[in-house]
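The values are calculated or read from the model by the stated rules, or taken from the named source; none is laboratory data. Note that the structure is predicted; figures quoted are calculated from it, not measured. Note that we place each Cβ from the backbone using ideal geometry, even for glycine, and neighbour counts take in every protein chain shown. When the accessible area is computed, the model is the full protein with side chains, heavy atoms only, and any ligands, DNA or RNA have been set aside. Shrake-Rupley method; radii C 1.70, N 1.55, O 1.52, S 1.80 Å.
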Amino acid sequence: MSLGAETIEEPDPIIDALPAVAPTGATKPQLSVPQPDHADRLPRWNTSGRDPVFWWLGVHGGAGETSLARLDKTTRAAEHHWPLTSAGSTVVLIARSNIPGLRAAQRAATEWASGSVPGIRVAGLVVMADAPGRLPKEIRDFSRIVGGGVPHLWHLPWVEPWRYGHDVTLDELPKEARTVLDQVRTAVTAAAGSPAK
């Protein structure tokens, strides 16, 4: 299997007009998943103050957590750390749509699935486009594999102003991106209603 620039001819996945509610992957930690090596874990920090509705957790540098947090002041960027609170935290993992980014997401999903980050509810994984255009088949296939380790998987399309470091408002995002963010919000609401593990 080549990881070259070959792309598939079929369109990117169609995103339903209504937010998805039913999880498509693992919804809670699994006893059979071993804890990852210490080097493969994300750092943790105890947060204080007013907790956001949920946290954007970029699983690697440049994932896009800050850009997404700027769109909604009720959310916060977790600064690549598991945010530990006394009441538990709901997080949405974020990774770029490339193999290193997806491997980082796989490690974070494994860490959560092992039960080694108590009090964390993972709502899903947002895969942020790392370039305009269609994803290569190998990356789409791998993102589906990684996405099976968390409740939901979303693909956020390319947003050109972010390439230049510009902030955008929610209204300036492409319609497909706004639909994805609506789906994320629905999944977060469902995850926040479940007990933290």
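Being over 12 Å from the mean Cα position of the chain (by Cα) and of a type in the set (Lys, Arg) is the requirement here; does Arg96 meet it? Walk me through it before giving the result.
Numbers: over 12 Å from the mean Cα position of the chain (by Cα): no; of a type in the set (Lys, Arg): yes.
Here the answer is no, as Arg96 does not meet what is asked.
Name every residue in segment 49-75 that is open to solvent by 50 Å² or more (accessible area, probe 1.4 Å), over 17 Å from Ala177 (Cα atoms) and in contact (Cβ under 8 Å) with a residue 12 or more places away in the chain, in order of residue number.
To start, the set of residues in segment 49-75 that are open to solvent by 50 Å² or more (accessible area, probe 1.4 Å) comprises 49-51, 53, 61-62, 66, 70, 73-74.
After this cut, where a residue has to be over 17 Å from Ala177 (Cα atoms) as well, the list is 49-51, 53, 61-62, 73-74.
The answer is Asp51, Val53, Gly61, Gly62, Thr74.
Among (1) open to solvent by less than 10 Å² (accessible area, probe 1.4 Å); (2) over 12 Å from the mean Cα position of the chain (by Cα), there is one condition Gly133 misses while meeting the rest; what is its number?
It fails just one condition, (1).
Being under 14 Å from the mean Cα position of the chain (by Cα) and open to solvent by 50 Å² or more (accessible area, probe 1.4 Å) is the filter here, so list the residues in segment 183-195 that pass it.
Passing the criteria: only Arg185.
Select from segment 76-100 the residues that are in contact with a Lys or Arg (Cβ under 7 Å, 6 or more places away or on another chain) and open to solvent by 10 Å² or more (accessible area, probe 1.4 Å) and write down the one among them that is farthest from Pro29 (Cα to Cα).
It comes out as His81.
All but one of (1) open to solvent by less than 20 Å² (accessible area, probe 1.4 Å); (2) over 21 Å from Arg163 (Cβ atoms); (3) touching a Leu at 6+ places or on another chain (Cβ under 9 Å) hold for Ala113; which doesn't?
For Ala113, the failing item is (3).
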